[in-house]
There are 2 protein chains.
Amino acid sequence: MKSAKATIITIGDELLIGQVIDTNSAWIAQQLNAIGIDVYRRIAVSDTKEAIVNTLREELEEADIVLLTGGLGPTADDVTKPVLCDFFGGTLIVDENVLAHVKAMFTRRNRPLLERNLKQAEVPDVCTVIPNELGTAPGMLFEQAGKFIVSMPGVPFEMKGMMTATILPFFEKKLQLSSAIVHRNILTFGEGESFLAEKIKDIEEALPVHIKLAYLPSPYAVKLRLTAHGQDEQALVIETEHYRDELAQRIANHVVSFEDLPMEDLIGKQLTQNKLTIGLAESCTAGYIAHRLTQVNGSSAYFKGAIVSYATQTKVNVLSIDADFIKKKGVVSADVAEAMAAAACNKLHSDIGLGITGIFSPSNYEDQSPVGTVFIAILGKGKILSKKYKLHYDRIQNKETATQIAMYMIWEFITKTMK
Amino acid sequence: MKSAKATIITIGDELLIGQVIDTNSAWIAQQLNAIGIDVYRRIAVSDTKEAIVNTLREELEEADIVLLTGGLGPTADDVTKPVLCDFFGGTLIVDENVLAHVKAMFTRRNRPLLERNLKQAEVPDVCTVIPNELGTAPGMLFEQAGKFIVSMPGVPFEMKGMMTATILPFFEKKLQLSSAIVHRNILTFGEGESFLAEKIKDIEEALPVHIKLAYLPSPYAVKLRLTAHGQDEQALVIETEHYRDELAQRIANHVVSFEDLPMEDLIGKQLTQNKLTIGLAESCTAGYIAHRLTQVNGSSAYFKGAIVSYATQTKVNVLSIDADFIKKKGVVSADVAEAMAAAACNKLHSDIGLGITGIFSPSNYEDQSPVGTVFIAILGKGKILSKKYKLHYDRIQNKETATQIAMYMIWEFITKTMK
């Protein structure tokens with residue numbers, strides 16, 4: 001096959017009434033892209049026969065591959081399996097391998113096996129069964145007129161297990177795609193998208209038609225993404241990286257990384273490379289920076305801990321910052337942020353300490369700083385980086401943004417201030 | 001109008017290649033539901049003219065309302081405005097109000113105004129302009145053959161501001177819907193969906209056709225949702241709550257709440273009602289519980305702080321737990337979790353203390369507990385609740401699940417253990 005176009009259909013009313021945020025589609029799309037399959041639409045539909053059948057029929061007109069998630073559970077609102085069985089003209093039969101797997105799973109977890117759990121072992125006789133190592137509902141692969149239809153559970157880790165173990169290897173082998181999709185990213189910090197766009201205007205306008213530039217703005221950070229479509233993956237990589245480097249040179253002051261990784265991973269690499277440890281004293285971000293830093297496997301090697309001093313009393317009792325000093329300088333001040341950073345180093349025995357204090361909602365704080373004010377200080381090995389920001393969002397978004405800024409500042413401290 | 005069906009179209013390649021998770025659609029769907037508008041499909045498409053026009057044309061066959069987000073920015077990859085202008089046969093003209101707003105915004109932020117920012121003030125002459133108080137790109141409302149098409153920016157807080165201030169009030173007034181959608185929820189903890197389904201089978205089977213029961217499973221917790229469609233909202237509420245109460249009575253031991261709120265809000269209400277404060281000593285969850293608890297506006301009234309003792313050294317130095325005691329009992333043990341909870345109370349001067357210690361990935365811990373083991377202890381006012389769990393997921397999912405369990409345990413401690 002030269003190229004393949006895929007649609008992802010997610011099934012479930014919870015997606016349509018806004019009770020659940022769909023994280024599956026993004027992950028599936030990433031994986032398909034990596035093996036050269038283009039996702040051109042993503043659709044969420046209700047868990048009714050009519051909605052599933054109509055959408056599937058429509059999408060099969062254009063798509064080579066349709067991936068469905070959801071509706072395979074053991075309860076009455078799960079209808080995907082009988083609907084697909086009927087659509088492809090099959091009959092439900094018991095699959096002995098799945099049956100043995102379901103029984104073993106319940107035995108291992110020491111749970112009684114119900115009739116409705118045994119039903120999970122029934123599959124349409126017109127599909128190839130996809131094993132589900134992490135759950136009881138098997139996946140199903142149907143082939144029709146050279147097109148592939150895959151049904152998977154909606155539970156994210158079960159779906160991911162199935163994709164990785166069976167579905168992606170199957171498509172790679174079966175399709176032998178000659179198409180390639182190459183993405184290259186530049187993560188920038190501290191400049192808005194309009195200004196970046198202005199600076200790189202001539203490079204953007206000179207891009208060949210098969211390479212597209214996209215701007216992904218978020219508060220204080222913009223990701224630039226080049227996407228190239230073609231046949232020869234090696235040539236595409238060289239070409240795309242040429243343009244990426246040209247863009248990066250133009251806006252060099254703002255470039256953080258070419259890797260499309262969360263900031264916690266980029267920081268983790270820097271800390272590891274430089275053999276540094278870190279400790280935090282968080283006030284207004286309340287543990288969110290600690291949470292983010294520890295999302296990285298192996299972070300225990302460099303992350304010592306954090307003191308979340310939400311109450312002023314905690315800044316005094318646990319961080320041992322002088323109460324009069326706080327009163328004199330103001331709890332939301334550069335001085336207190338710097339004292340917190342020093343206390344973090346000291347109490348947590350880390351090479352680098354971060355202190356953050358701010359006010360994100362009108363509250364009963366003794367401090368009179370305007371809402372949105374935040375001070376961030378990082379110090380260690382005799383160096384210091386200390387900044388003030390004024391954020392303009394709501395409480396939740398201010399917390400998110402302050403955390404994001406603090407992460408960039410950790411990266412800046414290690415790669416620039418300390419050098 | 002009797003009832004209205006809506007489609008949400010999100011525009012942007014970042015959604016199709018999996019670089020961004022779509023959180024806008026869920027929020028929009030919730031808001032539409034609340035005023036009686038049914039969302040029957042959600043579609044993500046590429047930011048190309050072809051994809052936008054084809055999808056819009058298809059959806060207008062069935063939908064009464066189409067809401068689009070994304071593609072309104074100032075860079076070359078943003079094509080939604082000219083595409084819609086063309087589709088509805090209009091011409092772009094400068095809107096003086098928008099122009100004044102854009103200029104004022106740049107002045108306030110002390111940024112130079114670029115030509116591409118001024119372009120934001122251009123709108124199709126065939127639309128009603130929707131003001132964007134929080135950004136520079138205006139929204140657009142088109143009417144065609146009794147159908148409504150709304151285009152909004154993809155930036156979540158800009159979109160939300162526009163929906164709340166203008167779009168939702170407009171639809172409520174304009175449509176005068178006689179249809180009602182009523183959702184009622186039961187949040188349960190500690191029993192799987194199969195077992196719950198078995199216990200309430202007869203009630204589920206006796207539900208009238210206009211009331212649907214859905215199961216939303218997540219690790220250790222299942223949300224049951226009744227959705228009713230009809231004309232008379234008051235009657236629907238009474239009927240749905242009757243069934244909800246009948247279901248809840250049957251599974252009373254597992255019911256946490258009827259409110260469709262995150263656990264942090266339910267805990268916040270309990271702490272406030274009972275005039276209690278809380279402090280945390282987190283190891284394996286590394287600040288995630290603190291982050292969750294402080295997502296609630298006003299949480300500073302009851303949340304004192306947290307000590308994230310990721311390193312064993314921090315448990316000794318900051319929590320003042322005896323190093324020999326940790327060595328003897330094991331860092332991942334009920335004894336250490338309980339000592340951490342006591343230290344949290346003590347160091348943070350809180351009424352309730354939580355301690356959590358566990359191992360989520362094979363690491364260089366001195367402890368020999370199997371991966372997935374976690375101990376959670378909560379104490380205060382002479383009472384204690386202490387549990388051990390064995391989690392079976394990957395590192396990230398274990399952290400998420402342990403946090404979720406800890407939140408349920410805080411709720412259980414206040415509502416049951418302390419009584």
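The values are calculated or read from the model by the stated rules, or taken from the named source; none is laboratory data. None of the values given here were measured: they were computed from a predicted structure. Cβ atoms come from the backbone with ideal geometry, glycine included; neighbour counts cover every protein chain shown.
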**Request:** With the checklist (1) touching a strand residue (DSSP E or B) at 6+ places or on another chain (Cβ under 8 Å); (2) modelled with pLDDT of 95 or more in hand, flag the one item A:Gln295 doesn't pass.
**Result:** (1)
**Request:** Give the residues of the stretch B:319-351 that are touching an Asp or Glu at 6+ places or on another chain (Cβ under 7 Å) and either closer than 30 Å to A:Thr312 by Cβ or among the charged types (D, E, K, R) (or both), sorted by residue number.
**Result:** B:Lys329
**Item:** The listed residue being charged (D, E, K, R), more than 30 Å from B:Thr136 (Cβ to Cβ) and surrounded by fewer than 18 Cβ atoms within 10 Å (Cβ to Cβ), out of B:Glu172, B:Glu191
**Value:** B:Glu191
**Asked** Among the numbered criteria (1) touching a residue at least 40 places away in the same chain (Cβ under 8 Å); (2) among the polar types (S, T, N, Q); (3) over 18 Å from B:Ser300 (Cα atoms), which single criterion is violated by A:Thr312?
**Response** (3)
**Item:** Meets criteria (outside any strand (DSSP E or B) and touching a Leu at 6+ places or on another chain (Cβ under 6 Å)) for B:Ala344
**Value:** yes
**Asked** What's the number of the condition B:Val256 fails, among (1) assigned to a helix (DSSP H, G or I); (2) touching a residue at least 60 places away in the same chain (Cβ under 8 Å); (3) more than 13 Å from chain A (Cβ to nearest Cβ)?
**Response** (1)
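For the subset of the stretch A:47-76 comprising residues that are touching a residue at least 60 places away in the same chain (Cβ under 8 Å) and part of a loop (DSSP other than H, G, I, E, B), which member is nearest to B:Asp22 (Cα to Cα)? Don't jump to the end; show me each part of the working.
At the first step, the residues of the stretch A:47-76 found to be touching a residue at least 60 places away in the same chain (Cβ under 8 Å) are A:56, A:60, A:63-74.
Then drop every residue that is not part of a loop (DSSP other than H, G, I, E, B), which leaves A:63-64, A:70-74.
On the way: A:Ala63: 22, A:Asp64: 24, A:Gly70: 17, A:Gly71: 21, A:Leu72: 23, A:Gly73: 24, A:Pro74: 28 Å.
My answer is A:Gly70.
Here's the yes/no breakdown for (1) more than 23 Å from B:Leu60 (Cα to Cα); (2) of a type in the set (Ser, Thr, Tyr):
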site	(1), (2)
B:Glu143	no, no
B:Gly146	no, no
B:Val150	no, no
B:Met163	no, no
B:Thr166	no, yes
B:Phe170	no, no
B:Lys174	no, no
B:Ser178	no, yes
B:His183	yes, no
**Asked** Would a scan of the stretch B:89-107 turn up a residue that is of a type in the set (A, V, I, L, M, F, W, C), assigned to a loop (DSSP other than H, G, I, E, B) and surrounded by fewer than 17 Cβ atoms within 10 Å (Cβ to Cβ)?
**Response** no
**Item:** Number of the condition not met by B:Ala121 [criteria: (1) under 23 Å from A:Glu204 (Cβ atoms); (2) of a type in the set (A, V, I, L, M, F, W, C); (3) within 11 Å of chain A (Cβ to nearest Cβ)]
**Value:** (3)
**Request:** Please enumerate the residues belonging to the stretch A:344-367 that are at pLDDT 95 or above and out of contact with any helix residue (DSSP H, G or I) (no Cβ under 8 Å at 6 or more places or on another chain).
**Result:** A:Ala344, A:Cys345, A:Asn346
**Selection from the stretch B:9-41 of residues that are more than 8 Å from chain A (Cβ to nearest Cβ), among the β-branched types (Val, Ile, Thr) and closer than 16 Å to B:Glu158 by Cα** = B:Thr10, B:Ile11
**Request:** Spot the failing condition for B:Val155; the list is (1) facing another protein chain (nearest Cβ under 9 Å); (2) surrounded by 18 or more Cβ atoms within 10 Å (Cβ to Cβ); (3) under 22 Å from B:His254 (Cα atoms), and only one is missed.
**Result:** (3)
**Item:** Within the stretch A:1-46, tally of residues that are under 22 Å from B:Arg184 (Cα atoms), more than 21 Å from the chain's Cα centre (by Cα), in a loop (DSSP other than H, G, I, E, B) and touching a residue at least 12 places away in the same chain (Cβ under 8 Å)
**Value:** 2
**Prompt:** Can you name the residue in the stretch A:302-324 that is assigned to a helix (DSSP H, G or I) and in contact with a helix residue (DSSP H, G or I) (Cβ under 7 Å, 6 or more places away or on another chain) and is also surrounded by the most Cβ atoms within 10 Å (Cβ to Cβ) among such residues?
**Reply:** A:Lys315
**Prompt:** Quick one: B:Glu239 ticks every box in (1) within 14 Å of another protein chain (Cβ to nearest Cβ); (2) at pLDDT 95 or above bar one, so which box is it?
**Reply:** (1)
**Prompt:** Assuming B:Gly71 fulfils every condition listed in (1) surrounded by fewer than 20 Cβ atoms within 10 Å (Cβ to Cβ); (2) closer than 26 Å to A:Leu224 by Cβ; (3) in contact with an Asp or Glu (Cβ under 9 Å, 6 or more places away or on another chain) apart from one, which condition is it?
**Reply:** (1)
**Request:** Looking only at the stretch B:207-228, decide whether some residue is in a helix (DSSP H, G or I), surrounded by fewer than 20 Cβ atoms within 10 Å (Cβ to Cβ) and more than 11 Å from chain A (Cβ to nearest Cβ).
**Result:** no
**A:Asp86 being surrounded by fewer than 16 Cβ atoms within 10 Å (Cβ to Cβ) and either closer than 23 Å to A:Gln144 by Cα or modelled with pLDDT of 95 or more (or both)** = yes
**Item:** Candidate set: the stretch B:265-301, residues that are in a loop (DSSP other than H, G, I, E, B) and closer than 22 Å to A:Ala402 by Cβ; chosen: the one farthest from the other protein chains (Cβ to nearest Cβ)
**Value:** B:Val296
**Message:** Criterion first (at negative phi and facing chain A (nearest Cβ under 10 Å)) does B:Leu134 satisfy it?
**Reply:** yes
**Item:** Matching residues in the stretch A:336-388 - criterion: being within 22 Å of A:Thr415 (Cβ to Cβ), free of Cβ contacts under 8 Å to residues at least 40 places away in the same chain and not β-branched (Val, Ile, Thr)
**Value:** A:Ala342, A:Lys381, A:Gly382, A:Lys383, A:Leu385, A:Lys387
**Asked** Of the residues that make up the stretch A:119-127, is at least one under 18 Å from A:Gly161 (Cα atoms), outside any helix (DSSP H, G or I), β-branched (Val, Ile, Thr) and in contact with a Gly (Cβ under 9 Å, 6 or more places away or on another chain)?
**Response** no
**Message:** Given the options B:Val331, B:Val336, name the one that is more than 10 Å from chain A (Cβ to nearest Cβ), part of a loop (DSSP other than H, G, I, E, B) and in contact with a strand residue (DSSP E or B) (Cβ under 9 Å, 6 or more places away or on another chain).
**Reply:** B:Val331
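Suppose the filter is of a type in the set (Ser, Thr, Tyr), closer than 26 Å to B:Val255 by Cα and surrounded by 18 or more Cβ atoms within 10 Å (Cβ to Cβ); does B:Thr357 pass it? Can you show your working first?
Values: of a type in the set (Ser, Thr, Tyr): yes; closer than 26 Å to B:Val255 by Cα: no; surrounded by 18 or more Cβ atoms within 10 Å (Cβ to Cβ): yes.
Against the criterion (of a type in the set (Ser, Thr, Tyr), closer than 26 Å to B:Val255 by Cα and surrounded by 18 or more Cβ atoms within 10 Å (Cβ to Cβ)), B:Thr357 does not qualify.
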